[in-house]
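Inspection log for the structure reproduced underneath, given as structure tokens.
The values are calculated or read from the model by the stated rules, or taken from the named source; none is laboratory data. No experiment lies behind these values; they were computed from the predicted model shown. With ideal geometry, Cβ positions are generated from the backbone for all residues, glycine too; neighbour counts draw on all protein chains shown. We work out accessible area using only protein heavy atoms, side chains counted, and drop any ligands, DNA or RNA first. Shrake-Rupley method; radii C 1.70, N 1.55, O 1.52, S 1.80 Å.
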Amino acid sequence: MIFTCIDIYNNKDHIELGDYLSTNRATTILDRDNKKLSLSYIDHWNPFPKPLGSFSPFLIQALIVSEDKRFHSHYGVDVLAKARAIIYNLKSLSFSQGGTTLSEQVVRILIDSPKSVWNRWVQSWLSLILESRYTKDEILEFYINQVPFSSNRRGFTQAANLYFGRDIETLNKSEMLALIVMLRAPSRFDLRKNDLVNGRAKLLASKLSFEYSDLSISTIQDIDMPEVPINSIVDFIRSQSKILNGKVRSTLDSSIQAELSAIVRQRITSLKRKGASHGAAMVVDHTTGEILAMVSENGEFNSFGYNTSLIPRQPGSTLKPFLYAAYFMQGGRPHHMIDDSPVSSVIAGGIHEVKNYSHNYYGELSTREALANSLNVPAIRTVRALGEDVLFELLTKAGVTLPKPASYYGEGLALGNAEISLFEMMQIYTCLANRGQCIGLKIDSALAPRSQTKWKLFDTEVADMILDILSDPKARVKEFGDYRFSHQVAVKTGTSTDYRDAWAFAINRKYLIGTWFGDLESKAMDEVTGSFAALPVVRTMIESLSLDDGPGVFSLSKRLYRDQWCAPKVNGCELTDELFVVGEDRQDSVDSVNDVFEMIPNASYLHLAIDPRIPKEKQVLKFDTSSLNQVNWSVNGRPVGSMKSFDFSLRPGTYEISAYDPSHSAEAKVKVYVHD
């Protein structure tokens, strides 16, 4: 009895029906064209339970007669049925009868344990707990909605669609009895394979004084509803939608949803060997903010697990377009030159060398090339010129939730060190795709356009310049090669530190597509990048979506014009096409990112430690500045000379190192703590 009490105690918390009753669930989710969205059935629960009152009284009566005729009089265990089953099993030397009640079967559904005498014994006691917590109607409602059938179907509603291709409300009495009979042995009594069910159904019909009509196999087999997987996004749809008459009409396009789901599933299958076991993807009509597809794959295809579109992950380089948008808002332009040469960054007082993904440096190049090739060094130089708060504030204004202050992320925000969900990334990319005008994403068709939140993030000219850069195949050739689409598509990829996240976004005149691949346990993947894992998905989808409004070319603000520009190079200049703002000087502005005076490494403080393995005379840290001129260096206020760079010999102590550029009257300082 002690072991019985232990098992009961360990399992009592599982005796909960609340999440699976109709009061907590919507009944039907429709797509934008009022087509019913079905489910992929590889899961443990039916997510659309119906109220008990919506089922036929005949079905309920027949179920009780068949499975538990004293259901309304016992308290969870039918003692008479148990005794009869024991006597029968002893006489027949078998274990063919159990005398289980509907309440015991509900416990068995809730606690999926191996079939054994001991587990049956414990489940009988747990059924008493079930009956003490819930009414008979609640127990019966759960059973009718969640009892397992074949082919991973749960409940009579799914079974009716499986075997008859119709809703449960349309079945006749013979069809209802057939479903009840199949509960005993779904694999043996399968209307798609044989007619054994007819004999059992006739016996049940006689108990109900009803004349059963044999069902034909040929009219039943291979009937089922097409699957449009929405399992893991069901709760999100409900939370964002109004339920009208038990139905939710979403903005989803069932054909796009099915296509995207198949592509993501196939991609994960091919990437699993490299450690990418989870994924998410979305398609949005950025002109309306409507979500046309939302796919979440979280390990077991189409299970009701996490909605991976809502889980924050590090976005890598996918934030760079918004960094340069902030730069353009302050006067920067695509033709302005920026230095792509080695630069150091400081993290927690330590020195970290910033590198481009390819480990190549290209020297002086245009902002267009810096963004198109997703170079890290120019991004760090740009964020230093703008200030750390600028990008942070822009992302916040776009609707991104950043739980820490700007100082927490520092300049690393430009390289994607924050955690942002795919849903929020799609929101901010919608602002870009919609030419600087943000529109709140929606998945509820009942939400009127006038009710959607709208706001301006940046000027139309700024958005047009960014989209032009991201859709320029010539500009990105240094890092990505000659990568082209059949029409004008702006594309951006991203990869987080240690290959934990792979992203890609693609934009044309109508659609925005975004995708993420990774592992929800934040395990590093095997060199899986955004270009390798995610880009093929967005490319396939955006090429398959047709444009109804003419050629796929981005609009261009009347304040912008395209002209030839001679980009400065080591040996003269290179003639290229470039965008310019009407009425502006075409030369680099005085606020160019290269004109900011800063010390390299750039930090307010440094914590350094002496390495006992290295001779003292060789323990030197080189300081430089962004200036091309010689500058005046000093340590703790004492001048040490005028030179381009300064070699600081490490000795234990606290120091303030200062660099002063007399040509610009600019000074930079850093506090250095040297430890033994």
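Overview of results
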| item | result |
| --- | --- |
| Qualifying residue in region 338-353 (condition: open to solvent by 10 Å² or more (accessible area, probe 1.4 Å) and closer than 19 Å to LYS569 by Cβ) | yes |
| Members of region 480-529 that are outside any strand (DSSP E or B), among the charged types (D, E, K, R) and within 21 Å of the chain's Cα centre (by Cα) | ASP498, ARG500, ASP519, GLU521, LYS523, ASP526, GLU527 |
| Hey, PHE532 in contact (Cβ under 8 Å) with a residue 24 or more places away in the chain, among the aromatic types (Phe, Trp, Tyr), surrounded by 15 or more Cβ atoms within 10 Å (Cβ to Cβ) and touching a strand residue (DSSP E or B) at 6+ places or on another chain (Cβ under 6 Å) or not | no |
| Residue pairs meeting the criteria (Cβ under 9 Å; at least 6 apart or on separate chains; first more than 16 Å from LEU512 (Cα to Cα), in region 241-263; second among the β-branched types (Val, Ile, Thr) and in a helix (DSSP H, G or I)) | VAL248/ILE237; SER250/ILE237; ILE263/VAL537; ILE263/THR540 |
| Count of residues meeting criterion [surrounded by fewer than 17 Cβ atoms within 10 Å (Cβ to Cβ) and part of a helix (DSSP H, G or I)] in region 65-78 | 1 |
| First in region 106-132 and small (Gly, Ala, Ser), second anywhere and at pLDDT below 80, Cβ under 7 Å, 6 or more apart | SER113/ASN119; SER124/VAL77; SER127/GLY76; SER127/VAL77 |
| Residue match in region 433-441 (condition: within 30 Å of ASP498 (Cα to Cα), in contact with a strand residue (DSSP E or B) (Cβ under 6 Å, 6 or more places away or on another chain) and either part of a helix (DSSP H, G or I) or of a type in the set (Asp, Glu) (or both)) | yes |
| Residue that is in contact (Cβ under 8 Å) with a residue 12 or more places away in the chain, open to solvent by less than 10 Å² (accessible area, probe 1.4 Å), touching a strand residue (DSSP E or B) at 6+ places or on another chain (Cβ under 9 Å) and closer than 26 Å to LEU310 by Cβ, where the choices are ILE380, ILE420 | ILE420 |
| GLN630 being at pLDDT 85 or above and either out of contact with any Asp or Glu (no Cβ under 9 Å at 6 or more places or on another chain) or surrounded by fewer than 18 Cβ atoms within 10 Å (Cβ to Cβ) (or both) | yes |
| Contacts under 9 angstrom Cβ, first residue in region 384-404 being over 20 Å from ILE439 (Cβ atoms) and of a type in the set (Phe, Trp, Tyr), partner part of a helix (DSSP H, G or I) and open to solvent by less than 40 Å² (accessible area, probe 1.4 Å), 6 or more apart | PHE392/ALA406; PHE392/TYR409; PHE392/LEU413 |
| Qualifying positions in region 443-461 - surrounded by 18 or more Cβ atoms within 10 Å (Cβ to Cβ) and part of a loop (DSSP other than H, G, I, E, B) | ILE443, SER445, LEU457, PHE458 |
| Unmet criterion (only one of (1) at pLDDT 95 or above; (2) out of contact with any helix residue (DSSP H, G or I) (no Cβ under 8 Å at 6 or more places or on another chain); (3) among the aliphatic types (A, V, I, L, M)) for LEU547 | (1) |
| Test: THR430 is surrounded by fewer than 20 Cβ atoms within 10 Å (Cβ to Cβ), β-branched (Val, Ile, Thr) and on the phi < 0 side of the Ramachandran plot | no |
| Region 649-659, residues that are farther than 12 Å from GLY637 by Cβ and either part of a strand (DSSP E or B) or basic (Lys, Arg) (or both) | SER649, ARG651, GLY653, THR654, ALA659 |
| Conditions (1) modelled with pLDDT under 95; (2) open to solvent by less than 30 Å² (accessible area, probe 1.4 Å): number failed by VAL491 | (1) |
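Residues are listed down the side, and each one gets a yes or a no for (1) at pLDDT below 85; (2) open to solvent by less than 10 Å² (accessible area, probe 1.4 Å); (3) part of a loop (DSSP other than H, G, I, E, B):
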residue	(1), (2), (3)
ILE129	yes, no, no
ILE180	no, yes, no
SER206	no, no, no
ASP214	yes, no, yes
ASP222	yes, no, yes
